[in-house]
Amino acid sequence: MERHIYDSENYIRAKRRVENLKNFYAHIGVYVVINVLLFSFKLNIMDFFIDHGVRDQGFLNWMEWNIIFIPIIWGIILLVIGIYYFKLKPEFYRNWEERQIRKYMEE
């Protein structure tokens, strides 16, 4: 009995990988748009607070550093996700995955 191409394990795996890559590219798009908005917001909000009499340098520094660290931390997370999606995994991790797949297929 011949299995239909859409039922094959390779097709399912390839479809999942394409879906992951599509989501990753969408995530990059959101990252770029949000960070452009965030940095334009940073310029406007800092001017707003200074114009309205906020002179607490500690508060202004706190706000500025938070606005800078958001893209940095998000970028690091995005980098890790990209490494995972593009299969740039360490060899020991790939070996572990293969062993787990074989183990569950035997059950």
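The values are calculated or read from the model by the stated rules, or taken from the named source; none is laboratory data. These numbers were taken from a predicted model, which means no experiment stands behind them. For neighbour counting, all protein chains shown are included, and Cβ atoms are generated from backbone atoms with ideal geometry for every residue, glycine included.
Brief remarks on what is shown
- Residue 19 in a helix (DSSP H, G or I), free of Cβ contacts under 8 Å to residues at least 60 places away in the same chain and surrounded by 13 or more Cβ atoms within 10 Å (Cβ to Cβ): no
- Checked against (1) within 13 Å of the chain's Cα centre (by Cα); (2) modelled with pLDDT of 90 or more, residue 33 passes all but condition (1).
Here is a yes/no grid of residues against (1) part of a helix (DSSP H, G or I); (2) surrounded by 11 or more Cβ atoms within 10 Å (Cβ to Cβ); (3) polar (S, T, N, Q):
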{"residue": "40", "(1), (2), (3)": "yes, no, yes"}
{"residue": "47", "(1), (2), (3)": "yes, no, no"}
{"residue": "62", "(1), (2), (3)": "yes, yes, no"}
{"residue": "74", "(1), (2), (3)": "yes, yes, no"}
{"residue": "79", "(1), (2), (3)": "yes, no, no"}
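- Number of the exception - residue 88 against (1) touching a residue at least 12 places away in the same chain (Cβ under 8 Å); (2) among the hydrophobic types (A, V, I, L, M, F, W, C); (3) exposed (fewer than 10 other Cβ atoms within 10 Å of the Cβ): (1)
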